[in-house]
Ligand SMILES: NC(=O)c1ccc[n+]([C@@H]2O[C@H](COP(=O)([O-])OP(=O)(O)OC[C@H]3O[C@@H](n4cnc5c(N)ncnc54)[C@H](OP(=O)(O)O)[C@@H]3O)[C@@H](O)[C@H]2O)c1
């Protein structure tokens with residue numbers, strides 16, 4: 001199996017490369033600003049159509065996992081043109097090139113395509129993003145559906161793991177330093193460990209699954225309760241965690257209240273980890 005990971009320098013892409021290599025896939029990876037060294041790694045800007053076509057034709061993979069995105073939610077709100085260019089036009093370039101060589105595309109999407117009014121979303125629930133990031137990721141899904149004959153759309157939620165700073169590693173760092181942290185009690189998500197997502201994506205590839213999948217962690221939980229689990233597993237001081245409400249936060253982009261995902265469909269192929277199991281896996285992964 002020859003696989004190209006676009007966004008191989010990201011939080012997910014880094015782990016995907018590791019998991020694919022462990023499973024003896026022939027792995028190629030692209031990065032943009034953060035150089036990844038090693039065999040089969042190269043620079044590529046997905047907004048440059050000719051580049052994307054040239055590289056995908058040259059590598060000629062069986063499967064392309066498209067993880068690259070402009071992922072800063074407030075940044076997308078502010079820099080709308082750039083967000084659209086990367087998340088929509090870039091995805092269109094990737095999808096068209098993948099279709100041209102007859103490969104399969106796995107597009108990584110997000111729980112932020114939903115408005116968060118209902119929670120525990122199923123794959124066929126109505127998408128209705130409340131911020132520009134979510135809108136561009138949903139447009140990316142539409143582009144993939146329109147262009148590709150063979151595709152899977154994999155929606156994740158609050159990604160965390162080793163290799164790059166994220167919500168969970170930030171919590172660990174702050175609590176280890178003895179810093180107070182303010183965490184919202186009224187925002188619900190399905191936190192997704194990058195190892196868990198990488199394993200779920202590998203199962204989708206192995207099973208040649210097509211369509212939309214909610215590939216997230218196995219539990220709906222508030223950010224506050226997630227923080228308590230992290231403090232428990234890493235034996236950190238819970239008194240440093242201050243409960244606050246979403247309304248106390250001054251985000252530029254609006255956030256969904258409950259964007260948790262129903263993972264029944266993916267569970268038939270690969271059961272996601274529950275929160276405590278996943279956080280323990282992270283602990284093993286980062287060796288603390
Ligand atoms: N993070 C989350 O909480 C979360 C939740 C749900 C879904 N998702 C989705 O999951 C996917 C992976 O997220 P992540 O957290 O791993 O992202 P990330 O760590 O921010 O990495 C983004 C990747 O995209 C690459 N990239 C950015 N602009 C590019 C461009 N113009 N051309 C080529 N590559 C470009 C980056 O390359 P450089 O670093 O080399 O510049 C990096 O490899 C994304 O599609 C995201 O929308 C993320």
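Residues are listed down the side, and each one gets a yes or a no for (1) in contact with a helix residue (DSSP H, G or I) (Cβ under 7 Å, 6 or more places away or on another chain); (2) on the phi < 0 side of the Ramachandran plot; (3) part of a helix (DSSP H, G or I):
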| site | (1), (2), (3) |
| --- | --- |
| 29 | yes, yes, no |
| 33 | no, yes, no |
| 37 | no, yes, no |
| 50 | no, yes, yes |
| 54 | no, yes, yes |
| 57 | yes, yes, yes |
| 64 | yes, yes, no |
| 75 | no, yes, yes |
| 85 | no, yes, yes |
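Selection of the range 1-17 for residues being within 8 Å of the ligand (Cβ to nearest atom), more than 9 Å from residue 65 (Cα to Cα) and part of a strand (DSSP E or B) yields an empty set.
Residue-wise test of (1) under 18 Å from the mean Cα position of the chain (by Cα); (2) farther than 23 Å from residue 9 by Cα.
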| site | (1), (2) |
| --- | --- |
| 51 | no, no |
| 59 | no, no |
| 64 | yes, no |
| 72 | yes, no |
| 78 | no, yes |
| 85 | no, no |
| 108 | yes, no |
| 113 | yes, yes |
| 146 | no, yes |
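When residues in the range 127-143 are screened for being more than 13 Å from the ligand (Cβ to nearest atom) and not in a helix (DSSP H, G or I), 3 of them pass. For residue 112, state whether it is part of a helix (DSSP H, G or I), within 12 Å of the ligand (Cβ to nearest atom), in contact with a helix residue (DSSP H, G or I) (Cβ under 6 Å, 6 or more places away or on another chain) and in contact (Cβ under 8 Å) with a residue 60 or more places away in the chain. Considered against the rule, which asks whether it is part of a helix (DSSP H, G or I), within 12 Å of the ligand (Cβ to nearest atom), in contact with a helix residue (DSSP H, G or I) (Cβ under 6 Å, 6 or more places away or on another chain) and in contact (Cβ under 8 Å) with a residue 60 or more places away in the chain, residue 112 comes out as yes.
Check residue 250 against each of (1) without any contact (Cβ under 8 Å) to a residue 40 or more places away in the chain; (2) assigned to a helix (DSSP H, G or I) and name the one condition it does not meet. Status for residue 250: all satisfied but (2). For the range 169-194, the candidate set comprises residues that are in contact with a helix residue (DSSP H, G or I) (Cβ under 6 Å, 6 or more places away or on another chain) and assigned to a helix (DSSP H, G or I); within that set, the residue that is farthest from the ligand (Cβ to nearest atom) is 175. Taking each residue of the range 24-36 that is under 15 Å from residue 65 (Cα atoms) and looking for partners that are in a strand (DSSP E or B) and away from the ligand (no atom under 14 Å from the Cβ) with beta-carbon atoms closer than 8 Å, six or more apart or interchain, yields 25/2; 25/3; 26/2; 26/3; 27/3; 28/2; 28/3. For residue 69, the criteria (1) in contact with a strand residue (DSSP E or B) (Cβ under 7 Å, 6 or more places away or on another chain); (2) within 13 Å of the ligand (Cβ to nearest atom) hold in every case but one, which is (1). In summary, residue 45 fulfils each of the numbered conditions (1) over 25 Å from residue 209 (Cα atoms); (2) assigned to a helix (DSSP H, G or I) with the single exception of condition (2). Entry remark, the range 88-109: residues being in a strand (DSSP E or B) and more than 15 Å from the ligand (Cβ to nearest atom) number 1 in total. Residue 163 satisfies every condition listed in (1) more than 18 Å from residue 89 (Cα to Cα); (2) at pLDDT 95 or above except (2).
Checked against (1) within 23 Å of residue 5 (Cβ to Cβ); (2) in contact with a strand residue (DSSP E or B) (Cβ under 9 Å, 6 or more places away or on another chain); (3) surrounded by 19 or more Cβ atoms within 10 Å (Cβ to Cβ), residue 121 meets all criteria but (1). Residue under question is residue 54, and the condition is that it be closer than 23 Å to residue 144 by Cβ, free of Cβ contacts under 8 Å to residues at least 40 places away in the same chain and within 13 Å of the ligand (Cβ to nearest atom); does it hold? Judged against the criteria, residue 54 is not a match.
The values are calculated or read from the model by the stated rules, or taken from the named source; none is laboratory data. Predicted model only: the values in this text are computed from it and were never measured. All Cβ positions, glycine included, derive from the backbone under ideal geometry; neighbour counts span all protein chains shown.
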